[in-house]
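Each reported figure results from applying straightforward, stated rules to the coordinates on display, with no laboratory input. This structure is a prediction, so every number in the text was calculated from the model and none was measured. Positions of Cβ are generated from backbone atoms using ideal geometry, with glycine treated the same way; all protein chains shown enter the neighbour counts.
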Amino acid sequence: MIRPLVLTITGAAIGLAAVLPLARTQIEAVTADVGVQVSPVPGQSGSASGSTQVTATGPTIGTRYGPVQVKVTVTGTKLTAATAVQLPDGDGESRQISAAAGPRLDAAAVAAQDAGIDTVSGASYTSAGYRRSLQAALDMARSAATP
């Protein structure tokens, strides 16, 4: 009785070990074409009032289907805009998926105020690359906005 149980548990563990690496999202490359621009918000004065506007562009994240890059605008401490600068467009299907996923990811980022956004169904690689570039852009923007 114990032997079949041990074999079942061992088989399940081996099967799980074989499947887990396939379940992880692949990110192939990161290139460092990033930038930060800091400027005062017109009509406001003093950084204590949160008047600094920072625009930062995250790194380009190479995914299985193409590059993903995000630009953010942070005013004070609030994420006021997120825009996908690059999304996969190597073929018609990638362009179609990116056209649907990009605006959803942009809106989700602003609503969440961070990179903890859900994956867009059918665009898991793009979503993972977006989150990574978004997080890097937010880190740069927020560190540049802090005196």
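Tabulated data for the structure shown
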{"item": "Whole-number D in µm²/s for the range 72-147 (Stokes-Einstein; Kirkwood sum over Cα pairs; 4 °C, 1.567 mPa s)", "result": "102 µm²/s"}
{"item": "Potential lengthening between T77 and A144 on full extension [0.36 nm per residue; Cα-Cα distance subtracted]", "result": "23.0 nm"}
{"item": "Simple label model, 7 Å out from Cα along Cβ direction - V85 to Q113, nm", "result": "2.5 nm"}
